[in-house]
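I have placed the structure first, in the form of structure tokens, so that the comments after it can refer back to it.
The values are calculated or read from the model by the stated rules, or taken from the named source; none is laboratory data. Note that the coordinates shown come from a computational prediction; the quantities given were computed from them, not determined experimentally. Note that each Cβ is placed from the backbone with ideal geometry, even for glycine, and that neighbours are counted across all protein chains shown. Just the protein is used for accessible areas: all its heavy atoms, side chains included, with ligands, DNA and RNA removed. Shrake-Rupley method; radii C 1.70, N 1.55, O 1.52, S 1.80 Å.
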Amino acid sequence: MVKKMARPEPDPELGLCLSGGGGRGLLHVGLLLALEELGIRPGIVASVSSGALLGALYASGKPAEVIKSNLEGFKWTEIIAPSLLRRRGILSTVRLQAFYRRHLGSINIEDLPIRMKIAAVNLMDGKVVGFTSGSLSKCVAASSAIPGIFEPVRVNGGIYYDAGGIYNLPLELFAGEGVRRIIAGNTIGQYGLMKEVKTVQDTLNQAYLIRTMHLTALKTGPMGWQGKNDEDLILIDYRTEGTNPANISDCEGLIEDTRILSLDTLKREF
């Protein structure tokens, strides 16, 4: 049985970064469980895509076990609805936003007990933003709107979509936030490729994983973000090899593997 410690106050100098990765985002629960087990509580969260949902649940103050319980049995049909107009996406975000409202409520980002920044891309000018205010569920939906698949989401007069394709590990959002250390959970790292590629969809998914893996490696390497910033980066590459981000099996086992990996890594750093 996991020994639970009294919940500490959020550490304003410690950041938590949660990557996107489709269904793999559920594995962030393993990292959240490890943080609670060790009594580590970051004071600011930056996340994108499926990581934005997990980050939002964490920043809202929900215990990791509750987050895990709430998301158990997730099915893609809960968020998929055809777009009748299909102007900017095959799927509508109506069910997606309803799913997020059900789990996140009507709270605004600025009212969360832990500070949060949610990455998304403006469709019209290409700029990446980090939402820090406004409807939490709508901003998470914008961050999760895969371009071409889901319709982009209107937020504060702009049109936004998933930033995971370019900022899948949005470390840049910590700039100017007074953070000294960052714990980063990465679902598409050095162990991130699928083992079987049989269909057109598999090929597209694998190509996305390869691109994201290389972009993240460049960012976290000595010539990228990590080499140009003073913050200490604690990068945890989840063991996701062989898993299809669109169809995660044995999620329970993968979450436990991620918890153990995260514990081992964090114990060496704290």
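Please work out if L16 is in a helix (DSSP H, G or I), surrounded by 24 or more Cβ atoms within 10 Å (Cβ to Cβ) and out of contact with any Lys or Arg (no Cβ under 7 Å at 6 or more places or on another chain).
no
In the range 106-128, of all residues being under 23 Å from R24 (Cα atoms) and out of contact with any Pro (no Cβ under 7 Å at 6 or more places or on another chain), the one that is surrounded by the most Cβ atoms within 10 Å (Cβ to Cβ) corresponds to I118.
In the set (1) modelled with pLDDT of 80 or more; (2) part of a helix (DSSP H, G or I), V197 fails one condition alone, (2).
Which of the residues spanning the range 130-141 are open to solvent by less than 30 Å² (accessible area, probe 1.4 Å) and in contact with a Lys or Arg (Cβ under 8 Å, 6 or more places away or on another chain)?
First pass over the range 130-141, keeping only residues open to solvent by less than 30 Å² (accessible area, probe 1.4 Å): 130-131, 134, 136-137, 139-141.
G130, F131, S137 - these are the residues of the range 130-141 that are open to solvent by less than 30 Å² (accessible area, probe 1.4 Å) and in contact with a Lys or Arg (Cβ under 8 Å, 6 or more places away or on another chain).
Please go through the range 30-67 and give me each residue that is part of a helix (DSSP H, G or I) and charged (D, E, K, R), ordered by number. Can you show your working first?
Let us first name the residues in the range 30-67 that are part of a helix (DSSP H, G or I), namely 30-38, 50-59, 64-67.
E36, E37, E65 - these are the residues of the range 30-67 that are part of a helix (DSSP H, G or I) and charged (D, E, K, R).
One line per residue, one yes/no per condition, for (1) farther than 14 Å from G22 by Cα; (2) hydrophobic (A, V, I, L, M, F, W, C); (3) open to solvent by 10 Å² or more (accessible area, probe 1.4 Å); (4) part of a helix (DSSP H, G or I):
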position: S143; (1), (2), (3), (4): no, no, no, yes
position: I149; (1), (2), (3), (4): no, yes, yes, no
position: I159; (1), (2), (3), (4): yes, yes, yes, no
position: G164; (1), (2), (3), (4): no, no, no, no
position: L169; (1), (2), (3), (4): no, yes, no, no
position: Q190; (1), (2), (3), (4): yes, no, yes, no
position: L204; (1), (2), (3), (4): no, yes, yes, yes
position: Y208; (1), (2), (3), (4): no, no, yes, yes
position: I236; (1), (2), (3), (4): yes, yes, no, no
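Assess whether T216 counts as being touching a residue at least 24 places away in the same chain (Cβ under 8 Å), of a type in the set (S, T, Y), out of contact with any strand residue (DSSP E or B) (no Cβ under 7 Å at 6 or more places or on another chain) and open to solvent by less than 40 Å² (accessible area, probe 1.4 Å). Walk me through it before giving the result.
Working: touching a residue at least 24 places away in the same chain (Cβ under 8 Å): yes; of a type in the set (S, T, Y): yes; out of contact with any strand residue (DSSP E or B) (no Cβ under 7 Å at 6 or more places or on another chain): no; open to solvent by less than 40 Å² (accessible area, probe 1.4 Å): yes.
It is false that T216 is touching a residue at least 24 places away in the same chain (Cβ under 8 Å), of a type in the set (S, T, Y), out of contact with any strand residue (DSSP E or B) (no Cβ under 7 Å at 6 or more places or on another chain) and open to solvent by less than 40 Å² (accessible area, probe 1.4 Å).
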